[in-house]
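Let me begin by presenting the structure, written as structure tokens, before commenting on it.
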Amino acid sequence: MPISIDRRSIVMAGPAGLVAFKSVLLGTPQGNAPGAASGGRLTVRNLRLADDLTIHGSVTNSTDRRWRWASFILRMRDSAGKPIVHDDGFDGHLYVRNIGLKETKPVTNATGAPAKLLLRPAVKPAAVAAEFQPERSYFDSSYVFALEVPRRAQALSYQDETIAVQFKPDKDGLSFTMTNLSRESWLLDWERVVYVDLDGIKHRIIHQEVPLGRKDEKQKPAAINAGAKFTSRVYPADMVAGSRIFEDWRLNPFLPLTQYAPAYRWRTFSVMFPLETPTQTTGYFFSIRIEDVKV
């Protein structure tokens with residue numbers, strides 16, 4: 001996705017204990033809509049880094065649509081104008097969430113708290129900049145899904161004589177409500193649940209009650225009594241990003257970002273739930289297809 005950055009005013013010295021960067025203009029082709037003709041801007045204003053490593057600034061949305069998630073990385077330069085090398089694998093990420101047309105919002109960290117560097121730069125910065133991350137940003141869009149397996153249906157729901165299931169995929173995972181219609185209690189072994197992504201790759205999952213920092217620990221099975229309704233959400237464990245050193249964790253988008261989504265039209269993702277009774281284990285396999293992407 002082409003992004004144009006106006007760098008005509010890159011370096012601007014800040015007051016003592018503070019460094020700043022003049023507003024950065026990020027040109028996007030009509031909010032990154034495929035085939036769009038007109039342009040728009042995300043403008044980062046008054047970006048500054050304080051002595052306590054907190055990051056301040058705001059973003060104004062002058063594109064043609066609402067952005068659910070706009071992502072930036074902090075870039076720093078020394079007094080000679082040279083880039084300061086910094087570990088940006090997990091540090092220095094800035095975000096603005098749910099920013100509407102003509103709206104201005106402050107930059108935050110991934111959880112919505114005030115943004116802050118976790119590591120002090122090797123050299124005190126004389127200037128900072130916000131570099132837009134298109135691969136981690138997405139605007140409002142809607143997917144049209146259909147159930148492909150066990151039987152094709154426009155509604156993301158299935159029912160037989162023993163089970164009823166409803167699904168709701170979103171950016172944070174695959175939510176579901178499962179009802180036990182049988183006369184026996186079930187055990188849902190999370191460690192045996194399998195998620196197959198849009199590229200056909202299998203993943204171990206974690207459920208919504210698991211803290212992200214404990215994603216690699218064994219999960220206790222869930223009991224679903226006869227006649228009971230059970231609701232949860234699953235997410236691929238290996239798609240959780242973060243650092244054990246700083247206990248800073250975040251979810252990568254469960255579904256493709258909007259700018260890449262049209263390439264995944266007609267592809268499917270799947271989940272298999274093993275439900276155990278005292279006498280047998282039955283695997284329920286569900287496959288969901290992306291029918292369309294509306295932007």
With labels modelled as points extended 7 Å from the Cα through the Cβ direction, what inter-label distance (nm, one decimal) is found for D172 paired with E276? 2.9 nm
Low-density loop cleavage sites - trypsin sites (Lys or Arg not before Pro) in the stretch 93-156, where at most 15 other Cβ are within 10 Å (DSSP): K102, R151, R152
If the chain between D238 and S142 were fully extended at 0.36 nm per residue, the gain over the current Cα-Cα distance would be 32.0 nm
K82-S182 pseudo-label distance in nm [points 7 Å out on the Cα-to-Cβ vector]: 6.8 nm
Mind checking the full-extension length gain between A113 and E291? Use 0.36 nm per residue of separation minus the Cα-Cα distance, one decimal, nm. 60.5 nm
Give the aspartates and glutamates whose C-alpha is closer than 17 Å to that of K202, dropping any in the same chain fewer than 8 places away, or say none. D189, E191, D216, D238
Order these by the 10 Å Cβ neighbour count, fewest first: S142, S232. S142, S232
What is the calculated FRET efficiency for L198 to R151, with r their C-beta to C-beta distance and R₀ = 25 Å, to the nearest 0.05? 0.75
So if we plug the beta-carbon distance of D216 and I73 into 1/(1 + (r/R0)^6) with R0 = 35 Å, what FRET efficiency do we get, rounded to 0.05? 0.85
Structure shown: which of K82/K105; K102/K171; K82/K294; K124/K171; K171/K218 lie over 32 Å apart, alpha-carbon to alpha-carbon? K82/K294; K124/K171
Going by a ≥ b ≥ c, the root eigenvalues of the Cα gyration tensor, does the stretch 198-295 fall in the rounded group (a/c under 1.5), the prolate group (a/b larger than b/c) or the oblate group? oblate
Please say if the stretch 77-211 is rounded, prolate or oblate, where rounded means a/c under 1.5 for a ≥ b ≥ c the square roots of the C-alpha gyration tensor eigenvalues, and otherwise the choice is prolate for a/b larger than b/c and oblate otherwise? prolate
Evaluate E = 1/(1 + (r/R0)^6) for E247 and R267, where r is the Cβ-Cβ distance and R0 equals 35 Å; express this FRET efficiency to the nearest 0.05. 0.50
Note, ³J(HN,Hα) from phi for the stretch 45-50, Karplus 6.51, -1.76, 1.60, rounded to Hz, x at Gly and Pro: 10, 6, 6, 8, 10, 8
For the pair F230 and A122, the simple spin-label estimate (label points 7 Å beyond Cα toward Cβ) gives in nm 5.1 nm
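Bear in mind that the values in this text are calculations on the coordinates, not laboratory data. Because the structure is a prediction, the values reported are computed rather than measured. Counting neighbours? That spans all protein chains shown, and the Cβs are built from the backbone with ideal geometry, glycine included.
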